[in-house]
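Before any comments, here is the structure.
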Amino acid sequence: MLLIDCPYCGKRPEIEFNYGGQAHLARPQQPSQLDDQAWAEFLYMRANTKGVYAERWRHSRGCGQFFNALRDTTTDQFLAFYKRGEAPPALSGEGAPPAPRERSP
Amino acid sequence: MSRQSFSGLSLIWRSLSKHRGWQTQWRKPEPKARYDAVIVGGGGHGLGAAYYLAKEHGLTNIAVLEKGWIGGGNTGRNTTIIRSNYLFNESAALYDHSVKLWENLSQALNYNVMFSARGVMMLAHTVHDIQVFKRHVHANRCNGVDNEWLDPAQAKEFCPPLNIEDNIRYPVLGAALQRRGGTARHDAVAWGYARAADALGVDIIENCEVTGIRRNAGGAVEALETTRGVIHSPKVGVSAAGHTSVIMALAGVHVPLESYPLQALVSEPVKPIFPCVVMSNTIHAYISQSDKGELVIGAGTDAYTSYTQRGALHVNTHTLDAICELFPNFRRLRMLRNWGGIVDVTPDRSPIIAKTPVPGLYVNCGWGTGGFKATPGSAHVFAWTIARDEPHPINAPFTIERFRDGYLIDEAAAAAVAH
């Protein structure tokens, strides 16, 4: 079970949380301007990164807040937690994995 | 190429001659520089596609590239449930095509895959379940797929260990039974297809990871870069389960997949006690008994995407809670092993078996938590798609573009859970 460090409440077990999928997906500003391909990208396409992934969690059986995390999907190790609306923190230092991408190449 | 044929007689002969002289099941060839077609991923679906390409489409200069070893991926990690009682016409056609191939697979491959049509019973615990399952029964009947409704007493008669008392948290209110459903020996499926494909000249190359996909000036697939050198091929079929996103990204193709850990566990082996397969989507219990005697139990997916091939213990205990309530006499059984695999899940929980925007690149993915049952049917239509560069009528609806065009095959909504 993951130990998740809620930015509001501190470290809590995974069963207090709900997973929210890929982070930083903004709803299109001009929905009427989008073609079908762009809608499909927004609705269905996810990066599914093997490596560092920016994702949303909700402390649904705690404070109820959404927040974001960086997790390495090859080890399930969390690298950072940050509040929603904030940019993902830069990961530095020797051996640090590369910064997350919004989309896999 | 000569190969040993298996039969009861050969087994008796070999046992009388002290089991000397059994041959290896498939060769260990060095990869050639050029093939007519290459399958990426040596699981059941990939090996099966290679077999049908060689058997039915006459392509024999082909290779299957496997990152690990044959039978080490999801083919050897699943709970071996086979059924075809899906709601939508497209799904019923695909999965029933598979069940029909399962029925004669041992004879076709000359390899005992131990397919056992012992019946798959899906339990209903709520009024909603009853309505949904009855709708499935009727829809299946229209599609020629067997599925019948049982009341609790009939369910108990079919599966005597089942607890149908009304004092449990989610009492059994009825069940849908597909008698043609059942189980098969998962390792044997991979080995049987590998052996049969090898005998037709297919090169099965293990420990060979694809690291790049080269495309020519026209954008078509030209060659694969692998850990065992560059392999040229005009046709590449990707059948890489949880790693499909990673492989497809090498060619710049984006597929609507998310990779989740899915766990399973087995109990200590016991004498035959469990005659069928029982599934409960509502309370997440999936159970059968292997011929070795272990109770084979499937858990749900973990909540988050991951490539680790492991998950959290609470997902398993959640399933065991349900198993213990439905089958009280299993409460004192000890669990022997648990493990995880990585499954690729699509938004509508239906697979993708299709051409891609890249000429010469084909993909068979998105089987989520239920790919084993479809192994022969999926492999058969995938081979057709690769050989003819157009989909078989059965897999024609299972495109990537259905997400753009709005033609989802929404088994996720039909079953209300991953399956």
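Meeting the requirement of 3 or more residues that are open to solvent by less than 40 Å² (accessible area, probe 1.4 Å), under 27 Å from A:THR74 (Cα atoms) and in contact (Cβ under 8 Å) with a residue 40 or more places away in the chain, the strands (runs of 3 or more DSSP E) wholly within region B:308-419 are B:335-345, B:361-365. Exactly one residue among B:VAL127, B:VAL113, B:VAL145 is in contact with a strand residue (DSSP E or B) (Cβ under 8 Å, 6 or more places away or on another chain) and either without any contact (Cβ under 8 Å) to a residue 40 or more places away in the chain or of a type in the set (A, V, I, L, M, F, W, C) (or both), and that residue is B:VAL145.
For region B:323-335, the count of residues that are under 29 Å from A:ALA47 (Cα atoms) and touching a strand residue (DSSP E or B) at 6+ places or on another chain (Cβ under 8 Å) is zero. Restricting B:ARG118, B:ARG135 to those that are among the basic types (Lys, Arg), in contact (Cβ under 8 Å) with a residue 24 or more places away in the chain and over 30 Å from B:LEU9 (Cα atoms) reduces the list to B:ARG135.
Suppose the filter is closer than 26 Å to B:THR301 by Cα, among the basic types (Lys, Arg) and away from chain A (no Cβ under 14 Å); does B:ARG214 pass it? Criteria not met by B:ARG214.
Only residues that are farther than 18 Å from B:TYR260 by Cβ, open to solvent by less than 60 Å² (accessible area, probe 1.4 Å) and not acidic (Asp, Glu) were counted in region A:40-53, giving 2.
Going through (1) in a helix (DSSP H, G or I); (2) β-branched (Val, Ile, Thr); (3) crowded, with 17+ Cβ neighbours inside 10 Å one by one, B:THR79 falls short only on (1). A count restricted to region B:239-273 and to residues that are open to solvent by 10 Å² or more (accessible area, probe 1.4 Å) and more than 14 Å from chain A (Cβ to nearest Cβ) stands at 8. Taking region B:199-224 as the range and being open to solvent by less than 10 Å² (accessible area, probe 1.4 Å) and not in a strand (DSSP E or B) as the test, the residues that pass are B:VAL202, B:CYS208. Scanning region A:54-80 for residues that are aromatic (Phe, Trp, Tyr) and either buried (at least 19 other Cβ atoms within 10 Å of the Cβ) or facing chain B (nearest Cβ under 7 Å) (or both) turns up A:TRP57, A:PHE67.
The values are calculated or read from the model by the stated rules, or taken from the named source; none is laboratory data. Since the structure is predicted, the reported quantities are computational estimates derived from the model, not experimental observations. All Cβ positions, even for glycine, are placed from backbone atoms using ideal geometry, and neighbour counts span all protein chains on display. Keep in mind that these areas ignore ligands, DNA and RNA; they rest on the heavy atoms of the full protein, side chains included. Shrake-Rupley method; radii C 1.70, N 1.55, O 1.52, S 1.80 Å.
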